[in-house]
Amino acid sequence: MATRGDRHLHAIQLARQLAALGARLKTIHLVTGLPPRQAQRLFFPDARAIPRGRAPDSAEWYHGANLILRADACLIGAKYRQLRSQGLRAGEALLLAYRAYQAVTTRPCRISLDRAFSLVSYIDGIWLARAPTLAVLMCPDCGCAFLAAVGTVAQPGEACPFCRLLARFDQDHRIQASYPAHPTVDMTARQLGMLDLFHQLKLGAKGDNPPE
Ligand SMILES: [Zn+2]
């Protein structure tokens, strides 16, 4: 059984990794339980380095975001949901889902750790949220997991963000540049490669966790 010391050490380690990814003190506090002042003392010796400004709130943001941002949010949300269903705790699942997202996208990442934290809060109804307002659904057309308002039923032909990305892929250089993991000459192969990438991210939970 884990001792108090074990749990505290674990909280510190998680906090350190969140801080390294640019998390705000409030995010670190809510995820790990470490008091903000302690997190500041431990990880932000230079007070000027503390992330400031308005924290992102994703309750409504997702529905109004552009296509690439929504696809990014879906990548994070789907990975988080999958890791949670495998029994990971929320903080670990957030950290690993964010790293999986970082691994497939261009830098600087379009979605911050704080934004990802907010998104998964609304998926699980924890931390910032009192109840779930975002659900992870499976698209009947492309098979990708995507986010939608709780209560939405995925219907064939309604085009999830990934269906839309794929439909626009060969005309839209921004989309091509945003997911550069599979550079090939043939556009159809690139499209398939991108879809493959999304499926890998959705399905490949085991063995792809980056080293600590
Ligand atoms: Zn789809």
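Listing for the model above:
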read-out: One residue from Arg41, Arg89, Arg81 being open to solvent by 40 Å² or more (accessible area, probe 1.4 Å) and more than 21 Å from Ala131 (Cα to Cα); value: Arg41
read-out: Qualifying residue in region 9-18 (condition: in contact (Cβ under 8 Å) with a residue 60 or more places away in the chain, surrounded by 14 or more Cβ atoms within 10 Å (Cβ to Cβ) and aliphatic (A, V, I, L, M)); value: yes
read-out: Answer residue from region 133-159, given it is polar (S, T, N, Q) and more than 11 Å from Ile123 (Cβ to Cβ) and is farthest from the ligand (Cβ to nearest atom) among those; value: Thr152
read-out: Selection within region 160-178 - away from the ligand (no atom under 12 Å from the Cβ) and more than 16 Å from the chain's Cα centre (by Cα); value: Arg168, Phe169, Asp170, Gln171, Asp172, His173, Arg174, Ile175, Gln176, Ala177
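The values are calculated or read from the model by the stated rules, or taken from the named source; none is laboratory data. For clarity, every value in this text was computed on a predicted model and none was experimentally measured. As a convention, Cβ positions derive from the backbone with ideal geometry for all residues, glycine included, and neighbour counts pool all protein chains shown. Ligands, DNA and RNA are stripped out before the accessible areas are found, and what is left, the full protein with its side chains, is counted by its heavy atoms. Shrake-Rupley method; radii C 1.70, N 1.55, O 1.52, S 1.80 Å.
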